[in-house]
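Scroll down for the structure; my scribbles are underneath it.
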Amino acid sequence: MELVLAIGIGIMTGSGVWLLLRPRTYQVIVGLSLLSYAVNLFIFGVGGLKKNAPPILPYSGVANPATMTDPVPQALVLTAIVIGFATTALFLVVMLASRGLTGTDHVDGREKSR
Amino acid sequence: MMMPWSAHLPIAPILLPLLAGALLVTLDERRRVAKSMISLGACVLLLMLSLQLLARVGAEDEAGKAITAVYALGNWPAPFGIVLVADRLSAMMVVLTSILGLASLVFSLARWYKAGPHFHTLFQFLLMGLNGAFLTGDLFNLFVFFEVMLAASYGLLLHGSGPVRVKAGLHYIAVNLGAALLFLIGVSLIYGITGTLNMADLAARIPELRHEYRIMLEAGAAVLGIAFLIKAGMWPLNFWLPPAYTAAAAPVSAVFAMMSKLGIYIILRLYLLVFGADAGESAGFGHYVLLYGGMATIAFGAVGVLASQALGRVAGYSVLVSSGTLLAAIGVSGQGVTAGALFYLVSSTLTISAFFMLIELVERGQDAGANVLAVTMEAYGDADEEDVEDEVGVLMPGTLAVLGICFALCGILLAGLPPLPGFLAKFAMLSSMFNPGGLGMATTIDASVWWLTGLLIFSGFAALIAMSRAGIRTFWASIEHTVPRVLVIEVAPVLCLLALTVALTVRAGPVMAYMEATARGLHAPTAYIESVLGLQRVERREALKP
C-alpha cells in the first residue's frame, strides 16, 4: 500500500510540475490542482497508513491508541482542501479576466513572437 | 475565575479587522461614507489596541523578565490546542502593521477605494491575516492566516483592474499557490517527524530528536523555508515581486511592503526558535543559505534599482534590497546584529511604504505617457479615472515643495545616509558584525562579513544614484512643469510615516534598547517556550457550572 501511494503521489507531482511550467493558463490550473491532490495525499501519508482505523475516540470505554489512526493529518487535509479549493476558484476568475482583457490564454498575456 | 479584560488583548488585533471586514461586506457599495468611516474607525482602534499590546509585553515583570502574553484559543493548553503568543517581536510587528494600515487607508480614502468593489473588506481581511500570522504560535494556524492574507492580497492586487494588474496578478497568484503547497509539504514533514505543530513545543523537542530522524526534519524545514523565502523575495525566488508591487494601486503596495516582512518575520522566529543555539546537532542549520542568499538578493536588488527607469520599479527593487539585508543579517546570526536588523526592518518598512504612496503623487501629472493618455481620454470624452469634478477635499498648498522634501527624505532613508534611521540601523548591524564579542575585543572577521559590508554600502550607493537621477528628472528638469493635484489627506500619511522615521532617529536610544531586549529574547527562547508550555487552563466561573 505504501508503494502504491508513493508512486501515485510521485506521478501526480511530476505531472503537476510539468503542467505548471506550460504556457497555457488551462494547463497551469490543472497542474496546480494535480499538485494540490498530491500534497493532500502526502499529508495523509505522514500520519502513517492504517486500514480501517478510526481517527476519533469511541463514545464509551477505553480506546487503544495503537488501533487508531492519527487524527491531526486528517484535520490538516480538510483545511488544506477547503483553502486550496477557494484559491483555485479565485485563480480561475483571474485567468478568465486575463483571457477577456488580452484575448489570449497565454500566461504572459501575449503570444510568443516568432 | 474571570479573565481580566487585558488578557484578551492578544486576540483583539485579529478579531477587530475580522468583524469590521465582515460588517463591511453586508453594506451596500453605494454607502461610501459609512464604509469609509467604519474602515477608518477599525484601523484607528486597531492601532490603539496594538499599542496597548506593545506596552504590555514591552514591560517587564517584578523579576525583571520579559512578559510573553499567551492566549489559549478554546481554553486548550499549549501542545494540544492552538495558542496565540504575543512577545516583543510579534507585538512590534502588529504595531507596524496597524501604522501602515492606517496610513494607507487614509491615503486610499482620497480616491483609490472607488476603483473597484469591496476595497475596504479586502483591506481589513489583509490586516487580519497579517496580524494573525504575527501572533500565532502554531505552524498550521500560521498556514491558515497566511492564506487569509494571500487571498485578500490577490483581490487587492487586482483592485482597479486593467491588463497590467491582471497579468502581474496571474503570475503572483501562481507563484504563491505553489508556495502554499510547499508550505503544506514542509509542515506535514515536520509534523510527521516531531509529532507537534506548536512552535514552542517543536523547539523543546528538537534537541532530543534522534540522529537518523534529523535529515527528514531538516528537509521539512528547508521546504518550509523555501515557502517563506518566496514571500520574503530572496533571489532567485523573487522575479514575481517587482512587477506585482509596481502594478498594484499605491495604497495597496504600501501595505504589501509589510507582507514581504511577514516572510522575514517567520524565518527570524522559526530559525532562532528551532535551529537556535540550543538545537543540538541541527543548530545553525542552513544559515549559509540565508547569508549568501541574502547577499545575492542585495546585489540583485541594487542592480535592479540602478537599472530602473520608472520610480515604481525603484520602489519594487528597494523591497528586495531591504529583504536581502534582513536575510543576510539573520544568516550572520548574532544578538547585536539581530537587534540592528530589527531596527532596520522597522525603518525600511516605513520608508518603502511612504515611498510607494509618494510615487503615485509625484507621477500623477509628471508621467509623459499618462499625460498623453489623459489628453486622449478627454478628446474621446472618456474621463473615467481622472474625474476632476469628483475630487472633493482640500488641495495641498506648496505641493511641489512638500513632495520634493518627502522625496529627498525617502532618498536619504533608502540610501542609508545619516542622520535618519536607515543609517543608524545599518551602522548598528555593521558595528555588531565587526565586534561580535563586544567593542574593543579582538576577533577574526569572517570574509563573508567583509563582502556583506561591501554589498550594503553598494546598495546604499545604488539607491542614492537612482533617487538623485529620478529626483532631478522629476523636480528640476521637468519640461511640462505640471503641478500634480494633490489632496491634503494624500500627503498627510506620507508625511506621518516620514515623521515617524525622524522620531525613530530622535528617540533612537529607547527604541534600540527595545530592539536589543527583543533580540535577547529571540536568541535565548527558553522564556518563550516556558511561558507557552506552562500556560494553565482558565477555570470556568462557578455560576456557569451546572
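Here are the numbers:
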{"quantity": "Apportionment of accessible area to carbon and sulfur, chain B, percent (1.4 Å)", "calculated": "68 percent"}
{"quantity": "Karplus (6.51, -1.76, 1.60) ³J(HN,Hα), θ = phi - 60°, over the range B:327-333, in Hz, Gly and Pro reported as x", "calculated": "4, 5, 5, 5, x, 5, 6"}
{"quantity": "Proximal charge balance of B:Met357 [Cβ under 14 Å; K/R count +1, D/E count -1]", "calculated": "-1"}
{"quantity": "Inter-centroid distance (Cα atoms) of the range A:39-54 relative to the range B:186-202, Å", "calculated": "16 Å"}
{"quantity": "Average accessible surface area per residue within the protein assembly as shown, 1.4 Å rolling probe, Å²", "calculated": "44 Å²"}
{"quantity": "Pairwise centroid distance, computed over Cα atoms, of the range B:502-519 with the range B:278-334, Å", "calculated": "23 Å"}
{"quantity": "More than 23 angstrom apart: percent of Cα pairs within the range B:64-193", "calculated": "45 percent"}
{"quantity": "Sites B:Tyr213 and B:Trp476, calculated FRET efficiency, Cβ-Cβ separation with R0 60 Å, nearest 0.05", "calculated": "0.40"}
{"quantity": "Where A:Val82, B:Val491, B:Val538 fall by accessible area, highest first, once all protein chains stay in place (1.4 Å)", "calculated": "A:Val82, B:Val538, B:Val491"}
{"quantity": "Accessible surface of chain A [probe 1.4 Å, protein heavy atoms]: carbon and sulfur percent", "calculated": "68 percent"}
{"quantity": "Backbone HN-Hα couplings from phi across the range B:456-466 [Karplus 6.51/-1.76/1.60, Hz, Gly and Pro as x]", "calculated": "4, 5, 4, 5, x, 5, 4, 4, 4, 4, 4"}
{"quantity": "Chains A and B together, accessible area buried on both sides, 1.4 angstrom probe, square angstrom", "calculated": "2300 Å²"}
{"quantity": "Residue-averaged beta-carbon neighbours from other chains (10 angstrom radius) around B:135-147", "calculated": "2"}
{"quantity": "Estimated FRET transfer efficiency when R0 is 51 angstrom, pair B:Val289-B:Ala401 (beta carbons, to 0.05)", "calculated": "0.65"}
{"quantity": "Debye-sum result for the range B:163-283 in log10 I(q)/I(0), which assumes one identical scatterer on each alpha carbon, at q = 0.11, 0.13, 0.15 Å⁻¹", "calculated": "-0.44, -0.58, -0.71"}
{"quantity": "Mean projected area in nm² (Cα convex hull; one quarter of hull surface) for the protein assembly as shown", "calculated": "33.8 nm²"}
{"quantity": "Angle between chain B longest axis and helix B:488-506 axis [Cα atoms, degrees, rounded to 10]", "calculated": "40 degrees"}
{"quantity": "Heavy atoms of B:Ile412: accessible area, 1.4 Å probe, square angstrom to 10", "calculated": "50 Å²"}
{"quantity": "Peptide A:38-50, shielding by other chains (average Cβ, 10 Å cutoff)", "calculated": "3"}
{"quantity": "Per-residue [θ]222 nm for chain B (sum of -39500 (n - 2.57) over DSSP H runs n ≥ 4, rounded to 500)", "calculated": "-23500 deg cm²/dmol"}
{"quantity": "Shielding of B:169-181 by partner chains, average beta-carbon count, 10 Å", "calculated": "6"}
{"quantity": "Whole-number percent relative contact order across the range A:1-111, with pairs defined as alpha carbons under 8 Å at least 6 apart", "calculated": "25 percent"}
{"quantity": "Over chain A: helical MRE at 222 nm, DSSP H runs n ≥ 4 each giving -39500 (n - 2.57), nearest 500", "calculated": "-22500 deg cm²/dmol"}
{"quantity": "Signed unit charges on C-beta, dipole axis of chain B, positive-most listed residue B:Ala72, B:Ser188, B:Pro419", "calculated": "B:Ala72"}
{"quantity": "Heavy-atom accessible area ranking, 1.4 Å probe, most first, across B:His523, B:His211, A:His106, B:His8", "calculated": "B:His211, B:His8, B:His523, A:His106"}
{"quantity": "Charge dipole magnitude, Cβ of K and R +1, D and E -1 - the protein assembly as shown, Cα centre, debye nearest 20", "calculated": "420 debye"}
{"quantity": "Rounded if a/c under 1.5, otherwise prolate or oblate - chain A, Cα gyration tensor axes", "calculated": "oblate"}
{"quantity": "Distance from the range B:25-60 to the range B:115-185 (C-alpha centre basis), Å", "calculated": "20 Å"}
{"quantity": "Shape category assigned to the range B:55-119 from the gyration tensor of Cα positions, a/c cut at 1.5", "calculated": "oblate"}
{"quantity": "Length gained when the stretch B:Ser468-B:Met48 is fully extended (0.36 nm per residue, less Cα-Cα span)", "calculated": "147.5 nm"}
{"quantity": "Estimated distance in nm for a label pair at B:Leu23 and B:Trp450, the labels positioned 7 Å out from Cα along Cα-to-Cβ", "calculated": "6.0 nm"}
{"quantity": "Using a Förster distance of 25 Å, the FRET efficiency for A:Asn64-B:Glu281 (Cβ separation, nearest 0.05)", "calculated": "0.15"}
{"quantity": "Solvent accessible area, Å² - A:Tyr37, 1.4 Å probe, full protein context", "calculated": "130 Å²"}
{"quantity": "Which of B:Cys406, B:Cys496 is most accessible, then next, and so on - probe 1.4 Å", "calculated": "B:Cys496, B:Cys406"}
{"quantity": "Given chain B, longest segment not containing exposed loop trypsin sites (Lys or Arg not before Pro) (DSSP; at most 14 other Cβ within 10 Å)", "calculated": "B:211-506"}
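The values are calculated or read from the model by the stated rules, or taken from the named source; none is laboratory data. What you see is a predicted model, and the numbers here were worked out from it, not measured in a lab. Reconstructed Cβ throughout: ideal geometry from the backbone, glycine too, with neighbour counts over all protein chains shown. With ligands, DNA and RNA removed, areas are computed over all heavy atoms of the protein, side chains included. Shrake-Rupley method; radii C 1.70, N 1.55, O 1.52, S 1.80 Å.
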